[in-house]
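Some notes on the structure that comes next.
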Amino acid sequence: MAKVLLVSSAGGHLAEILSVARGLGDGHEFILCVTRFPAVRGARIDDATRVYYAPMLLAYQRPFGVALSMFVGLFTFLRIFLKERPDFVMTAGAEVAIPAFLVNKVLFRRPALYIESLARIETPSLTGRITSRLATRTFVQWRQLLKAYGRRAEYHGRVL
């Protein structure tokens, strides 16, 4: 059974990645890491075997808050990778994916898939621009977005 680490921020990104996970069917053990956000706390997520929470610091909306959250996230993901030893990493965003993919790329080198949000039609997200360079594969859901990503992305139709 393949262990898949799903990485997501709360909200629409979480709904997107869980939808993709359901489409993969049985034969996978899903480990979820989601941002610690009030809407997610205590939520029951049946699709995942275990759920971890990535830091979202109080000063998150300030520029240094995002950087600090990502720095702390590096240690969070190092701990998750060492404990879980995932076979595959997958995300649909957002910023919480950056430290996860960085830890994976530098230390673990597992296959990693970034799926750009369905909402991104012509321009890539900041997370997509960064994570596509760390991912093994990047999927876009709109053909016209290929131009913005160049050779780093693939279009296979809508996956969500």
With 62, 79 as the choices, which residue is modelled with pLDDT of 95 or more and basic (Lys, Arg)?
79
Going by what's in this entry, would residue 131 be described as at pLDDT 95 or above and of a type in the set (S, T, N, Q)?
yes
Hits in segment 98-118 - residues which are of a type outside the set (A, V, I, L, M), surrounded by fewer than 17 Cβ atoms within 10 Å (Cβ to Cβ) and either farther than 27 Å from residue 146 by Cβ or in contact (Cβ under 8 Å) with a residue 24 or more places away in the chain (or both)
108, 111
Filter pass, residue 20 being buried (at least 17 other Cβ atoms within 10 Å of the Cβ), modelled with pLDDT of 85 or more and not in a strand (DSSP E or B)
yes
Take the residues in segment 82-96 that are under 20 Å from residue 140 (Cβ atoms), at pLDDT 95 or above and among the hydrophobic types (A, V, I, L, M, F, W, C); name whichever of them is surrounded by the fewest Cβ atoms within 10 Å (Cβ to Cβ).
88
Given (1) touching a residue at least 24 places away in the same chain (Cβ under 8 Å); (2) over 18 Å from residue 8 (Cβ atoms); (3) among the acidic types (Asp, Glu), identify the lone condition not met by residue 95.
(2)
Being small (Gly, Ala, Ser) and exposed (fewer than 12 other Cβ atoms within 10 Å of the Cβ) is the filter here; which residues of segment 120-160 pass it?
150, 157
Among the candidates 67, 54, 148, 153, which residue alone is touching a Ser or Thr at 6+ places or on another chain (Cβ under 8 Å), closer than 17 Å to residue 9 by Cβ and not β-branched (Val, Ile, Thr)?
54
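The values are calculated or read from the model by the stated rules, or taken from the named source; none is laboratory data. Just so we're clear, the structure is a prediction, and the values are computed from it rather than from any experiment. Glycine gets a Cβ as well: all are built from the backbone with ideal geometry, and neighbour counts include every protein chain shown.
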